[in-house]
Amino acid sequence: MARAVTTQHKTIATVAAWIVALLIFFPILYTIITSFKSEQEAIQGFSIIPSGTFESYSEVQAQSGYFKFFFNSVLLSVGSTILALLVAIPAAWSMAFSPTKRTKDILMWMLSTKMMPAVAVLFPIYLIFRDTGLLDSRIGLMIMLMLINLPIVVWMLYTYFREIPGEILEAARMDGASLWNEIVYVLTPMAVPGIASTMLLNIILAWNEAFWTIRLTTTEAAPLTAFISSFSSPQGLFWAKLSAASTLAIAPILIMGWFSQKQLVRGLTFGAVK
Amino acid sequence: MATQQTRSLARFMMAPSVVLLFVWMIVPLVITIWFSFQQYNPLNPIRDGFVGFSNYALFYSNPAFLQSILNTLTLVVSVLLITVIGGILLALLIDQPMWGQGIVRILVISPFFVMPPVAALVWKNMIMHPQYGVFADIARFFGAQPIDWFGQHPMLAIIIIVAWQWLPFATLILLTALQSLDGEQKEAAEMDGAGFVSRFIYLTLPHMSRAITVVILIQTIFLLSVYAEILVTTNGGPGYASTNLPFLVYQKALLEFKIGQASAGGVIAVILANIVAFFAMRAVGKNLDK
């Protein structure tokens with residue numbers, strides 16, 4: 001007997017799921033709606049139909065130079081991800097294809113570094129950054145974000161690389177392929193999807209990182225996380241502008257996130273749930 | 001067929017990651033431990049020097065310390081309860097046949113991609129604001145007095161915000177696990193007359209147990225170090241009502257410049273995280289073998 005799904009059952013499930021989903025999505029939706037209101041409208045009680053003005057967007061840019069922060073966010077998340085990949089790909093490659101007795105221990109140890117609370121090393125890092133002139137520098141923050149996400153990047157790449165059949169490499173070796181050729185012509189094409197997924201998830205994580213990016217920057221290297229946090233201090237009527245800034249800050253990553261649901265599950269559960 | 005050559009090559013390829021992570025973990029940690037036994041104030045360096053365990057004693061005798069540990073645990077446990085139970089229910093709901101399942105998934109997962117400062121500010125100003133927030137509008141609609149969330153129930157407010165951020169994650173992971181459940185098994189159970197409840201308890205729940213473990217562990221790591229959400233909403237207040245351990249350490253270090261005490265707090269945070277990590281590593285390690 002095929003599982004007969006009654007239309008009634010389906011209708012109830014649809015209605016219930018849509019209500020819950022819209023409730024969960026509501027704060028984001030309302031932010032987007034409010035960003036198209038004027039400041040006056042934004043505080044005039046609940047309404048879901050904005051007048052459709054773009055003035056908040058242009059004001060955010062005019063008053064605070066929004067795109068500098070946006071540019072920093074792009075630079076930091078993409079830059080730190082590329083750095084992390086450069087360091088992690090060889091490590092994951094060797095762990096996946098020439099595992100030793102200690103490979104598992106090393107992987108576990110790498111993961112354990114992720115558990116160190118950031119605050120525990122806040123002051124030493126602050127000192128090191130200050131004394132080396134890295135405070136509020138893009139390159140310093142890039143290194144920081146790279147280190148934070150390195151364990152996840154290695155792990156994710158490892159779980160992807162492990163699925164590439166080793167026999168193919170052996171066959172290539174038999175045919176006399178040098179190590180370099182093996183990497184460039186055999187391994188890379190098979191590894192690209194895994195690397196792309198890892199990259200996607202890591203950009204999302206780096207974009208949203210909100211401890212070091214806030215604490216180690218002031219103006220020059222400050223990304224969107226720091227910029228948005230600066231909205232918390234002034235009390236006043238700025239909701240339309242706050243909404244516009246927020247919408248711009250989350251839109252790119254939201255869209256990327258929608259496409260990376262599967263990678264997200266895999267990456268953040270270290271391959272335990274697929 | 002690992003030869004000596006490939007083995008040393010493997011070591012060479014692993015070296016950058018291992019060295020970087022080792023330095024990144026050990027150097028700052030050693031400095032923190034060192035500072036935790038020092039009196040050190042960058043603004044007033046006269047009385048600097050070794051002070052034994054007095055930083056720990058000071059941190060411990062600070063009433064904010066116990067409060068912050070309590071707040072940290074309250075936040076972690078409450079958010080875990082909400083997200084795991086809510087996540088299971090949501091996953092079960094979304095797993096039902098329906099129209100527009102893809103869009104429902106996208107809507108539900110979205111909060112996870114919102115950066116913490118944005119999430120906190122949106123909730124603070126547009127949803128929970130006692131005058132202009134949506135909750136206040138709703139309260140007034142029913143003729144009730146709007147609640148001053150961050151003044152009266154700061155911890156509850158932060159729990160709601162953080163739970164909103166993590167519920168999507170739990171739902172997505174649990175839904176993925178749920179969808180990998182063998183349809184034939186479900187059918188067989190149904191044919192044997194198992195109702196929805198017993199199917200859930202004896203079939204679905206055991207199948208999801210690994211995913212649930214992973215959700216709890218991963219979230220615990222992140223929930224132990226919630227920071228931006230507190231910074232932009234309550235700033236730890238009123239008083240210390242919503243200060244968690246990371247936030248207290250941050251205040252001591254970068255606002256009061258009591259580096260010794262902050263470092264002692266940092267060491268305590270590390271110990272706390274290690275207790276959690278011990279269990280986390282064991283569970284994840286088991287999954288690695290599969």
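Return a yes/no flag: does the range A:148-163 have any residue that is more than 24 Å from the chain's Cα centre (by Cα), more than 7 Å from chain B (Cβ to nearest Cβ), among the basic types (K, R) and surrounded by fewer than 18 Cβ atoms within 10 Å (Cβ to Cβ). Scanning the range A:148-163 turns up no residue that is more than 24 Å from the chain's Cα centre (by Cα), more than 7 Å from chain B (Cβ to nearest Cβ), among the basic types (K, R) and surrounded by fewer than 18 Cβ atoms within 10 Å (Cβ to Cβ). In the range B:106-128 there is no residue that is farther than 23 Å from A:N208 by Cβ and either out of contact with any strand residue (DSSP E or B) (no Cβ under 9 Å at 6 or more places or on another chain) or buried (at least 23 other Cβ atoms within 10 Å of the Cβ) (or both). Here A:T103 meets each of (1) within 8 Å of chain B (Cβ to nearest Cβ); (2) among the hydroxyl-bearing types (S, T, Y); (3) surrounded by fewer than 21 Cβ atoms within 10 Å (Cβ to Cβ) with one exception, condition (1). Listed by first and then second residue, the pairs with beta-carbon distance under 9 Å, at least 6 apart or on different chains, first residue in the range B:122-133 and at the interface with another protein chain (Cβ under 7 Å from one of its Cβ atoms) and in contact (Cβ under 8 Å) with a residue 60 or more places away in the chain, second acidic (D, E) and crowded, with 24+ Cβ neighbours inside 10 Å, are B:W123/B:E229.
Among all positions in the range A:44-52, there is no residue which is farther than 23 Å from B:Y132 by Cβ and not charged (D, E, K, R).
The single residue among A:I183, A:I204 that is surrounded by fewer than 22 Cβ atoms within 10 Å (Cβ to Cβ), within 14 Å of chain B (Cβ to nearest Cβ) and assigned to a helix (DSSP H, G or I) turns out to be A:I183. For the range B:179-207, the candidate set comprises residues that are out of contact with any Phe, Trp or Tyr (no Cβ under 8 Å at 6 or more places or on another chain) and part of a loop (DSSP other than H, G, I, E, B); within that set, the residue that is surrounded by the fewest Cβ atoms within 10 Å (Cβ to Cβ) is B:G193.
Within the range B:44-59, can one find any residue that is more than 10 Å from every other protein chain (Cβ to nearest Cβ), under 30 Å from B:S180 (Cα atoms) and either assigned to a helix (DSSP H, G or I) or out of contact with any helix residue (DSSP H, G or I) (no Cβ under 8 Å at 6 or more places or on another chain) (or both)?
Looking for residues that are more than 10 Å from every other protein chain (Cβ to nearest Cβ), under 30 Å from B:S180 (Cα atoms) and either assigned to a helix (DSSP H, G or I) or out of contact with any helix residue (DSSP H, G or I) (no Cβ under 8 Å at 6 or more places or on another chain) (or both), one finds none in the range B:44-59, hence no.
Just one of the listed residues (A:A210, A:A221) is assigned to a loop (DSSP other than H, G, I, E, B) and free of Cβ contacts under 8 Å to residues at least 40 places away in the same chain, and it is A:A210. The condition of being β-branched (V, I, T) and either within 11 Å of chain B (Cβ to nearest Cβ) or more than 30 Å from A:I195 (Cβ to Cβ) (or both) holds for A:V60. When B:A10 is tested against (1) modelled with pLDDT of 85 or more; (2) facing another protein chain (nearest Cβ under 10 Å), exactly one condition is not met: (1). Does the range A:122-143 contain at least one residue that is without any contact (Cβ under 8 Å) to a residue 12 or more places away in the chain and surrounded by 21 or more Cβ atoms within 10 Å (Cβ to Cβ)? Yes, the conditions are met somewhere in the range A:122-143.
For A:A88, the test of being at pLDDT 90 or above, crowded, with 16+ Cβ neighbours inside 10 Å, within 18 Å of A:T188 (Cα to Cα) and within 15 Å of the chain's Cα centre (by Cα) is failed.
For the condition surrounded by 20 or more Cβ atoms within 10 Å (Cβ to Cβ), under 30 Å from A:E39 (Cα atoms) and either in contact with a Cys (Cβ under 7 Å, 6 or more places away or on another chain) or free of Cβ contacts under 8 Å to residues at least 12 places away in the same chain (or both), B:A144 does not qualify.
Being within 25 Å of B:M115 (Cα to Cα) and either of a type in the set (D, E, K, R) or at the interface with chain A (Cβ under 8 Å from one of its Cβ atoms) (or both), is that true of even one residue in the range B:261-268?
yes
The values are calculated or read from the model by the stated rules, or taken from the named source; none is laboratory data. All values derive from a computational prediction rather than experimental measurement. Cβ sites come from the backbone with ideal geometry, for glycine too, and all protein chains shown count toward neighbours.
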